[in-house]
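Since the structure comes first, as structure tokens, the remarks are kept for the end.
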Amino acid sequence: MTQAYSYAAQSATEPLKPYRFERRDPAADDVQIEILYCGVCHSDLHTARNEWKNTLYPSVPGHEIVGRVTAVGSNVSQFKVGDLAGVGCMVDSCQSCASCAEGEEQYCENGFTGTYNGPVFGGENTLGGYSDSIVVKQQFVLRIAPTDNLAAIAPLLCAGITTYSPLHHWKVGPGMKVGIVGLGGLGHMAVKIAHAMGAHVVLFTTSPNKRDDGLRLGADEVVVSKDAEQMAAKANSLDFILNTVAAPHDLDAFLNLLKRDGTMTLVGAPDSPHPSPNVFGLIFKRRSLAGSLIGGIKETQDMLDFCAKHGIVSDIETIAIQDINEAYERMLKGDVKYRFVIDMASLKKESNAA
């Protein structure tokens, strides 16, 4: 076993604080990674504060991990010591169900194992990326292309794949008019990716002051969703909508913007349900309301390669691990453009001094 140093929540009401624990030594199929950067996802906050009522404590969040390989098991062929590597939202799945066989491990019928907070359907706790190292099966480790902006790659491991997967699944591309709802950590990645896929991108935001940023990131149009006149002008005009908002809101306002046979896909996970949509808005236009999780390992690697090809990274603010509790409060206020990333050099320095 190897000693790991981290920041953890010990209960829903306590701030994250330093925490030491043991990682397993690499087995034959394992890759050991020194974590260099870890993105901060809204799911981290939900979990640390038990807002989804399923948190296992102590909770070490973090599933947007970029680092360097420090050891590999005897069966590992895809990575060697010194390689850059990434770990996203899951570190295992049953590998035997239909979804796993089709490369859709995120929909594993027996429940994938999260990078933190354990298996979906219950089991031993797992501890995530707010730590100095992690050990993961090679099947769940991703290749990271060298770049001068390595920190900005980290959010692709969750925010990137969460938005890429539905855009890819619903075949977004040239000739399509695509709406993106929300310009936060997920939304800003969705705008960039949909633009790179060749779609005409319409950003919907409640904040008029995000107009310039939306256009800079790749939106062709920006609509203030609180403005009834602007919304009415987009009625029945969109082929697809990706809704990234993680708070309960009126879905009908956006469903009404879809053409016949259009789909709105939800990727935000609020801590209480959305109001039910008006079924007649769906029936009379054969519209669909769908959901999407992250992506499988192959699709996540495809996303990383797509982003590398198109020069897509996240817009980030780098923080020290010691500032994580303040970052959570700022994230709740929307005071970040558009993703916090922890520089783990700050953790290493603290660990060495402790």
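FYI, it's all coordinate maths here, none of it is from the lab. A quick note: this is a predicted structure, and the numbers were derived from the prediction, not measured. We place every Cβ from the backbone using ideal geometry, glycine too, and count neighbours over all the protein chains shown.
A few notes on this one:
- Here the alpha carbons of region 101-183 define both size measures, Rg and Dmax, at 15.9, 47 Å.
- Cα-based shape type of region 1-121, given that a ≥ b ≥ c are square roots of the gyration tensor eigenvalues and the cut on a/c is 1.5: oblate
- Membrane-span-like helices in the chain (whole DSSP H runs, Cα extent of at least 15 Å along the helix axis, mean Kyte-Doolittle hydropathy of at least 0.5): 185-196.
- With the charge dipole of region 283-329 set up from +1 on Lys and Arg Cβ and -1 on Asp and Glu Cβ about the Cα centre, the Cα lying farthest toward the positive end among the listed residues 284, 311, 324 is that of 284.
- Summed over qualifying helices (DSSP H, 4 residues or more, each -39500 (n - 2.57)) and divided by its residue number, the chain shows a 222 nm mean residue ellipticity of -6500 deg cm²/dmol.
- With at most 15 other Cβ atoms within 10 Å, longest stretch of the chain clear of loop chymotrypsin sites (Phe, Trp or Tyr not before Pro) (DSSP): 122-283
- Here's the picture: charge each Lys and Arg Cβ at +1 and each Asp and Glu Cβ at -1 in the chain, and of 162, 118, 152 the one pushed furthest to the positive end of that dipole is 162.
- When the C-alpha to C-alpha distance is required to be over 23 Å, the pairs from 17/192; 171/309; 192/337; 53/349; 137/171; 177/337 that qualify are 17/192; 53/349; 137/171; 177/337.
- Using Cβ point charges alone (K and R +1, D and E -1), the dipole size of the chain about the Cα centre works out to roughly 620 debye.
- Rounded to whole Å, sorted largest first: equivalent-ellipsoid semi-axes of region 160-291, Cα gyration tensor: 20, 16, 15
- Relative contact order of the chain, defined on C-alpha pairs under 8 angstrom at six or more residues apart (%): 17 percent
- Neighbour count of at most 13 Cβ within 10 Å plus DSSP loop: longest trypsin sites (Lys or Arg not before Pro)-free window in the chain: 81-170
- Three-way shape label, region 54-151, alpha-carbon gyration tensor, a/c 1.5: oblate
- Euclidean distance of C-alpha centroids, region 250-280 and region 131-156, integer Å: 33 Å
- Formal net charge of residues neighbouring residue 274 (Cβ-Cβ distance under 15 Å; K, R +1; D, E -1): -3
- Choice from 99, 225, 272 showing the highest fluctuation, given a GNM over the chain with Cα pairs closer than 10 Å: 272
- Taken about its Cα centre, region 160-291 carries a charge dipole of about 340 debye when Lys and Arg each add +1 at the Cβ and Asp and Glu each add -1 at the Cβ.
- Cut-off 14 Å between beta-carbons: net charge of the residues surrounding residue 137, Lys and Arg +1, Asp and Glu -1: -3
- Placing +1 on each Lys and Arg Cβ and -1 on each Asp and Glu Cβ, with no other charges, gives region 242-347 a dipole about its Cα centre of roughly 700 debye.
- When exposed loop sites are taken as GluC sites (Glu not before Pro) in a DSSP loop with at most 15 other Cβ atoms within 10 Å, the longest stretch of the chain clear of them is 125-354.
- Summing Lys and Arg as +1 and Asp and Glu as -1 over all other residues whose Cβ lies under 12 Å from the Cβ of residue 81 gives a net charge of 0.
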